[in-house]
1. Given the criteria closer than 21 Å to Cys316 by Cα, open to solvent by 40 Å² or more (accessible area, probe 1.4 Å) and assigned to a helix (DSSP H, G or I), does Asp81 qualify?
2. Restricting to the range 259-299, count the residues that are outside any loop (DSSP other than H, G, I, E, B) and open to solvent by less than 20 Å² (accessible area, probe 1.4 Å).
3. For the range 29-64, name all the residues that are open to solvent by 60 Å² or more (accessible area, probe 1.4 Å) and either at pLDDT 95 or above or within 12 Å of ligand 2 (Cβ to nearest atom) (or both).
4. Which residue pairs have Cβ atoms under 8 Å apart, sit 6 or more places apart or on different chains, and have a first residue in the range 68-90 that is not assigned by TED's automatic domain parsing to the domain that holds Arg332 and of a type in the set (D, E, K, R) and a second that is more than 6 Å from ligand 2 (Cβ to nearest atom) and assigned to a loop (DSSP other than H, G, I, E, B)?
5. Check the range 347-363 and report whether any residue there is crowded, with 21+ Cβ neighbours inside 10 Å, part of a loop (DSSP other than H, G, I, E, B) and in the same structural domain as Ala290 (by TED's automatic domain parsing).
6. Looking at Ala341, is it under 28 Å from Glu109 (Cβ atoms), part of a helix (DSSP H, G or I) and out of contact with any His (no Cβ under 9 Å at 6 or more places or on another chain)?
7. Go through (1) away from ligand 2 (no atom under 16 Å from the Cβ); (2) polar (S, T, N, Q); (3) open to solvent by less than 10 Å² (accessible area, probe 1.4 Å) one by one and return the number of the condition Ser313 breaks.
Amino acid sequence: MPGTIELIKYTSPMLEIAQAVVEAKGEELKKCYQCGTCTAVCPWGNLIDFNPRQFIEEIRLGFEGFEENSWKCVNCRLCQDKCPNQIDIPQLFQSVRSILLAWQSCPSELNFALAGIRSQGNPWQEDKEKRGEWAKDVALPEFTPGTEYLFFNCCANDYDTRNQAIAEAAVEILNTAGLNFGYLGNKATCCGDMAYTAGENEIFQSTSAKNMQTFTELQVEKILTLSPHCLNAFKNRYEFEKNRPTSTHLVETYSELVKNEILKPQFEVNAKVTYHDPCYLGRYNGIFDAPRDILQAIPGVELIEMNHNREHSFCCGGGGGGAWLDTVKGERLGDLRVLEAVEASAEVIVTACPYCVQMLEASIVGLGIEDKIKVMEISEILLSSLKQEEK
Ligand code: SF4
Ligand code: SF4
C-alpha cells in the first residue's frame, strides 16, 4: 500500500509545483479568478495558441506539460495592466522559470546567454576585456568621481556592431549639448535584467552586486541609460544599501534639452515616422510623451501612430529572454509590429531600446520588406536633424 505522500503524488503528480511557485515569489497565483482577460489581450494570441489563463490554472492544479509555455511570455505586462486583480503575471512566469532552472530544464539558447552573463558579464559570451573597444575612437571620457553623469551603454550597444552606431550617435548628441558625462568601459557588467526575467536570481544578484559596488566606489549619482532594461533594473530592481543613484533614459534627457533649446533640430527628415513604445520604457516606467515630443520637434517628420500604441503597444518579442530564443517563421511578435507599422503607412519605425531595434530589424529582413520600411533608434534620427551628414 502506498503512503499518503505517494498517494498524493500518484493522484496529482505535479501538485507540488503550485506550492513551489508560491514560495518563489509567485503568491499571486492564488488571486487569479480565471476571467481570461489576460488571454484576450496577450499579443501571442494573434500568432499561436498560448493561453496565460489556462497556464495559471494548469500550474494551480499541478498538471504536467507547462514547461514549453513557461518560456513564451515576453514580460510585456500588457495583461497585468488589464487584469481586474492587477496580478503580476510576468512575475508568475519568472517564478515558474526559476523552478525550471533549478530542474535544469531551460532552452539551450537561454542557457548560453545566462552562462555568458555569469562568465563574461554579457549575454553573448564576448570577451569582457573588449567591452569598451568600440569607444576608443569616440570622444567619450572615462567616468571618474566628480563626473556628473554616468553614460551606461547596455551590452547590446557595447558589443553588437549595428548597435554601436546608436551609442556613437548618443555620445555625439551629449557632446553637442555640452554635458559632463563619462563611461565605465570594461568596468561595467550586464545590468542583469535578462537573468532576472529568465528567473535566474542568483546571476541577477551577483551581476547587480558588481555594478552597485562600482557605482558606489566611483560615487555615481546620476545614470543615463540607452536601454529601458538597464533603466528598469537600476530604478526598480537593484537593492542599493544606501543612496540609489537617479536613473534617466536618454529620451527624457534629449526631450528636456530640446525643450530648453540646448539641442536644436534643424535639418529636415522628410519621412512618415511611427514610434514603437518599448515595454520597459512605456508600460514599466510610464515614458510615452518624451520620445514623441522629440520626433515632433524634428522638421519634416510626419508622426503617425500604429493601431497599438502607448500603453496598449505590442511587444517586439525581445523581452523576458525572448531576444535569445530561436523562433520559427510565423511565430515572431516583431513581425506583427512591423506589419502594423506598414499598415499605418510608416516609412521609419523609431524606437528607444537596443533590443527592439534588433528584433524589428530582424523581422523586416525576415519579411523581405527592406525596401518599404527601416528602423532608427531615437538618437540616430535626432542626430540626423542636428547635424548634416558629411558627404
Ligand atoms: S486577467 Fe487576471 S484574474 Fe483574469 S485570468 Fe488573467 S490573471 Fe486571472
Ligand atoms: S506579459 Fe505579455 S506575453 Fe506575457 S502573458 Fe502577459 S500579455 Fe502575454
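1. Working: closer than 21 Å to Cys316 by Cα: yes; open to solvent by 40 Å² or more (accessible area, probe 1.4 Å): yes; assigned to a helix (DSSP H, G or I): yes.
Criteria met by Asp81.
2. Our first condition is that a residue be outside any loop (DSSP other than H, G, I, E, B); within the range 259-299, this holds for 259, 271-275, 289-297.
Then keep just the ones that are open to solvent by less than 20 Å² (accessible area, probe 1.4 Å); that gives 271, 273-275, 290-292, 294-295.
Counting residues in the range 259-299 that are outside any loop (DSSP other than H, G, I, E, B) and open to solvent by less than 20 Å² (accessible area, probe 1.4 Å) gives 9.
3. Going residue by residue through the range 29-64, those that are open to solvent by 60 Å² or more (accessible area, probe 1.4 Å) are 30-31, 33, 35, 40, 46, 49, 53-54, 60-61, 63-64.
Hits for the range 29-64 are Cys35, Ala40, Asn46, Arg53, Gln54.
4. Listed by first residue and then by second, the contacts come to Lys72/Ile48; Lys72/Phe50; Arg77/Cys279; Arg77/Arg283; Arg77/Tyr284; Asp81/Arg283.
5. So far as the range 347-363 goes, yes, one or more of its residues are crowded, with 21+ Cβ neighbours inside 10 Å, part of a loop (DSSP other than H, G, I, E, B) and in the same structural domain as Ala290 (by TED's automatic domain parsing).
6. Working: under 28 Å from Glu109 (Cβ atoms): yes; part of a helix (DSSP H, G or I): yes; out of contact with any His (no Cβ under 9 Å at 6 or more places or on another chain): no.
For Ala341, the condition - under 28 Å from Glu109 (Cβ atoms), part of a helix (DSSP H, G or I) and out of contact with any His (no Cβ under 9 Å at 6 or more places or on another chain) - is not met.
7. Only one criterion is unmet by Ser313, namely (1).
Matching residues to (1) among the basic types (Lys, Arg); (2) under 17 Å from the mean Cα position of the chain (by Cα); (3) surrounded by 15 or more Cβ atoms within 10 Å (Cβ to Cβ):
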residue: Cys106; (1), (2), (3): no, no, yes
residue: Ala115; (1), (2), (3): no, no, no
residue: Ser119; (1), (2), (3): no, no, no
residue: Glu126; (1), (2), (3): no, no, yes
residue: Ala135; (1), (2), (3): no, no, yes
residue: Ala139; (1), (2), (3): no, no, no
residue: Ile166; (1), (2), (3): no, yes, yes
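The values are calculated or read from the model by the stated rules, or taken from the named source; none is laboratory data. From a predicted model like this one, the values you see are computed outputs, not experimental measurements. When we count neighbours, we look across all protein chains shown, and the Cβ atoms used for this are built from the backbone with ideal geometry, even at glycine. When the accessible area is computed, the model is the full protein with side chains, heavy atoms only, and any ligands, DNA or RNA have been set aside. Shrake-Rupley method; radii C 1.70, N 1.55, O 1.52, S 1.80 Å.
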